[in-house]
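**Q** To start, I am sharing the structure in question, which I have written as structure tokens.
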Amino acid sequence: MHFKLIMAIVEDTRTDAVVRAAREGGATGCTVITCVRGEGLRPGKTFLGLDLTSARDVLLFVVAAPLAREILETIAKAGHFDEEPGSGIALQIEIEDAVGLKSQLPAIQHEIEEDV
């Protein structure tokens, strides 16, 4: 089975909505790395050395390759990535090999059979 890694960087207020959307799209789990910091086209605002930009989370989804594009589009819509500048980004990366997914394989195969 082929997998892809979807990585999304989102405002922390949108994390739950994006994770929920990914699950509805076929993702079977998510790893959340909280409180990351990033910078877009323009540096974030500061006040007396304190960062005033909103907190961000990194979301990692290992998904079946046939579902990856649909999940990517679903989370982009849930996170308003294309409508609001600075709301987040998402990308997918090919996974050459993975271990530790044995308990999730039946659910992943079920999702693929439903969608394909």
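Just so you know, all these numbers are worked out from the coordinates, no wet-lab data involved. Treat the numbers as computed from the prediction; the structure is a model and nothing was measured. Don't worry about glycine lacking a Cβ; one is built from the backbone with ideal geometry, like all the others, and counts go over all protein chains shown.
**Q** Taking 0.36 nm per residue of separation and subtracting the Cα-Cα distance, what length does fully extending GLU73 through ASP12 add?
**A** Details: separation 61, 0.36 × 61 = 21.96 nm, distance 1.89 nm.
Additional length available on full extension: 20.1 nm.
**Q** For SER103, SER87, which order do you get if you count the other beta carbons within 10 Å of each Cβ and list the fewest first?
**A** Listed from fewest to most nearby Cβ atoms, that is SER103, SER87.
**Q** Label THR31 and MET1 with points 7 Å out from Cα along Cα→Cβ: what is the distance between them in nm?
**A** 1.8
**Q** What length, rounded to one decimal in nm, is gained on full extension from ALA98 through to GLU84, with 0.36 nm per residue of separation minus their alpha-carbon distance? Please report the intermediate quantities before stating the final value.
**A** On the way: separation 14, 0.36 × 14 = 5.04 nm, distance 3.42 nm.
In short, 1.6 nm is gained.
**Q** Moving on. I'd like the distance separating the alpha-carbon centroids of segment 1-38 and segment 63-78, in whole Å.
**A** Segment 1-38 and segment 63-78 have Cα centres spaced 10 Å from each other.
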